[in-house]
Amino acid sequence: MTGRSALTRTALPRAGAALVLLLLVLVAVRLPWIGDLGMHAATLERLRHDLLHPGNPLVDADTPSPYYTPWTVPLGWVAGVTGFSVFTVLRIGAVVALAVLVTGVWRYARTLSARPVVPPLALLCLVLLWGTTEFSWSGFLGLHSLALTVAYPSVLALGLAFHLWAWLARAGDGWGTWLGCGVLWAVILLVHQYSGIVASLGALAVLIGARPAGRRVWARVAGALALGVVVLWVWPYYDFFALFGAADGMDEVHRSLYRDLWARYWLVLVGVAALVVRWRRDRRDVLVLFFALGLLVFVAGGVTGHWSWGRVLPAAVIPAQLAVAVEAGESGRRAVCGVRWVWAGVLGVALVVGVWGQVGVLGYAVGREALPGVVAEKYREPWEGYGWITRWVGYGDVVMARQFPSRRIPATGAYTVAPGYTDFFLDDEGERVGAVRRYFSVGVEGVSGGVRRGIERAYDVRWVVDRGVGVRGDAGLREVGRGPDGWVLYAVVG
């Protein structure tokens, strides 16, 4: 291979990776709102007002929360010190997390291959080799998913996971690196628990595939694990180990992770083919082991009905994507004759298809109005925020609202009566959900208006958000403002 052709093979993937990174930075600047962004903004709001005892991020209750992590606590401190809005701080955090992710992918890819083309190819494969149906979930690295979760803690956690695997792959005999890996492992678990499981499976694959792995190595692994457990145990903001009892309550929320698998992941099959090649070459290949561990847990979750185990699917997808990046990058060294460019050609086609499948992401960077019609059809409109209520609603005020607005209202600094998301640490969550249901059923099920007044007093409700005819005509409420999509803000009279 000539020097010029080798340079071209490296330059094109690097240019593609740079474009992807630029796109994600532009998305972070616009920060589209879908999903859990309101929860993360609310978390920073509580921390900026009280860094040591923030309380529940969604409702007016003094409870711990797994959202107070080694990542959100520093971000909350930044918000408090600078006076920046929480959304500005989330944008800053998103850019930092992207940098951690990219450098982590780069470092781990270099442990798999010395070829300079492999790291940018790995990044492209991680974000583009999915399916042709748009799919978004925190902890999943598809371009569409990253665009909508770029400010979530999961992005930082996965970036740190790649750094963890890279350190483990090259760890020597010194105790310092191993103990550092133990601390990093614990931090990942605290920042995003599901990504922490993915990180753990990847670390296990690295250790099993390492040669040699004598007693000295396993002694250092034990020491690292022990230190990591101590870090998990002493974290002051929530009891990490109590989360083991919350898994079953999250199953129904995650059931959709087992649907439409072909449409969401069929391009990953290119990576599975690469894994087969690697397995035939080496039965202890680290990526093959990683894939097998992730797939085993995912299948077990589907068979047993533990749908929340579906969050571990990146542990099967990531090694497949990395495998095809390595095989394509190494093809110029090992392949001969007509098969020299097979991997590169197949991967190139798959990446183009992946781009088209997620091309709607462009709208989150430039706006829908700038998209051609055929691309605009793939664009998913983000949510509207509830900043419009802050003209009247102050920090810490309690707002009565249904579940959907309750996912966004706390981002303004207000509380809601019931949390918009399941909260394992909130003992009276069921009572709060029931109170909201009763409140909005007045006049429909014949419940007296006095029931509303009692609920308002019980939860110190000052405001009500609703639309339609739900609370219209209630003498105890006064309309004070209107927002998008027909939502109305009412003040509780007296």
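The values are calculated or read from the model by the stated rules, or taken from the named source; none is laboratory data. Nothing here was measured: the structure is a model prediction, and the numbers come from that model. Cβ atoms come from the backbone with ideal geometry, glycine included; neighbour counts cover every protein chain shown. The protein model used for the area step is the full one, side chains on, heavy atoms only, and it has no ligands, DNA or RNA in it. Shrake-Rupley method; radii C 1.70, N 1.55, O 1.52, S 1.80 Å.
Report, by chain and number, residues whose modeled amide H sits under 5 Å from the one on residue 477, excluding near sequence neighbours (fewer than 5 apart, same chain).
HN-HN under 5 Å from residue 477: 493.
Please give the peptides 218-226, 16-24 ranked by average Cβ packing (other Cβ atoms within 10 Å per residue), highest first, as a rough proxy for protection.
Going by the mean number of other Cβ atoms within 10 Å, highest first, we get 16-24, 218-226.
What per residue convex hull volume, in Å³, comes out for the stretch 342-494 when only alpha-carbon positions are used?
Numbers: hull volume 28.3 nm³, N = 153.
Cα convex hull per residue, to the nearest whole number: 185 Å³.
Suppose each label sits 7 Å from its Cα in the direction of the beta carbon; what would the residue 262-residue 30 distance come out to in nanometres?
A separation of 3.3 nm, rounded to one decimal place.
In whole angstrom, how far apart do the alpha carbon centroids of the stretch 193-207 and the stretch 39-89 sit?
Taking the Cα centre of each part, the stretch 193-207 and the stretch 39-89 sit 27 Å apart.
Tell me, what % of the accessible area of the stretch 160-316 is carbon and sulfur with a 1.4 angstrom probe?
On the way: 5140 of 7460 Å².
Roughly 69 percent, rounded to a whole number.
Order of 121-131, 384-394 by packing, highest average Cβ count within 10 Å first?
Numbers: 121-131: 26.9, 384-394: 16.5.
Highest to lowest by the protection proxy: 121-131, 384-394.
Please compute the Cα-Cα pair-distance distribution of the stretch 351-392 with 5 Å bins starting at 0, giving whole percents from short to long.
Result returned by the calculation: 5, 22, 22, 17, 11, 9, 7, 5, 2, 1.
Report, by chain and number, residues whose modeled amide H sits under 5 Å from the one on residue 85, excluding near sequence neighbours (fewer than 5 apart, same chain).
none
When each pair of different Cα atoms in the stretch 1-146 is counted once in the 1/r mean, what is the Kirkwood radius in angstroms, to one decimal?
On the way: mean 1/r = 0.0574 Å⁻¹.
One decimal place: 17.4 Å for the Kirkwood radius.
Around residue 363, with a cut-off of 14 angstrom between Cβ atoms, what is the net charge of the other residues, counting Lys and Arg +1 and Asp and Glu -1? Display every interim value, and only then the final one.
Values: positive: 30, 368, 378, 380; negative: 134, 369, 377, 381.
Neighbourhood net charge equals 0.
Could you work out the relative contact order of the chain, using alpha carbon pairs under 8 angstrom and six or more residues apart, expressed as a whole percent?
Dividing the mean separation by the residue count of the chain yields 17 percent.
Under a 1.4 Å probe, what is the accessible area of the chain per residue, stated in Å²?
43 Å²
Kindly provide log₁₀ I(q)/I(0) values, in the same order as q = 0.09, 0.10, 0.13 Å⁻¹, from the Debye equation applied to equal alpha-carbon scatterers of the chain.
Log10 I(q)/I(0), no solvent term: -0.67, -0.81, -1.27.
Sorted by packing (mean other beta-carbon atoms within 10 Å per residue), highest first, where do 141-153, 174-186 land? Each step should come with its number before you reach the end.
Values: 141-153: 25.6, 174-186: 17.8.
Going by the mean number of other Cβ atoms within 10 Å, highest first, we get 141-153, 174-186.
Please give, to one decimal in nm, the separation of the simple spin-label points placed at residue 381 and residue 478, each 7 Å out from Cα toward the Cβ.
About 3.4 nm, to one decimal.
What percentage of the solvent-accessible surface of the stretch 1-157, computed with a 1.4 Å probe over protein heavy atoms, is contributed by carbon and sulfur atoms?
Result for the stretch 1-157: 67 percent of the exposed heavy-atom area is carbon or sulfur.
Multiply the residue gap between residue 95 and residue 62 by 0.36 nm, knock off their C-alpha separation, and tell me the result in nm, one decimal place. Walk me through the numbers before you get to the answer.
Values: separation 33, 0.36 × 33 = 11.88 nm, distance 3.17 nm.
Here the answer is 8.7 nm.
With a 1.4 Å probe and every protein chain kept in, tell me what percent of the accessible surface of the stretch 422-494 is carbon plus sulfur.
It is 48 percent, rounded to a whole number.
Find out how many positive minus negative residues lie around residue 44, taking Lys and Arg as positive, Asp and Glu as negative, among other residues whose Cβ is under 15 Å from that of residue 44.
So the surrounding residues net to +1.
Let's test the formula: R0 of 51 Å, r as the Cβ-Cβ distance of residue 216 and residue 369. What FRET efficiency results, to the nearest 0.05? It would help to have the intermediate numbers written out before the result.
On the way: r = 62 Å, r/R0 = 1.21.
Calculated value: 0.25.
Under a point spin-label approximation (7 Å from Cα along Cα-to-Cβ), what is the residue 296-residue 453 distance to one decimal in nm?
So the two model labels end up 6.4 nm from each other.
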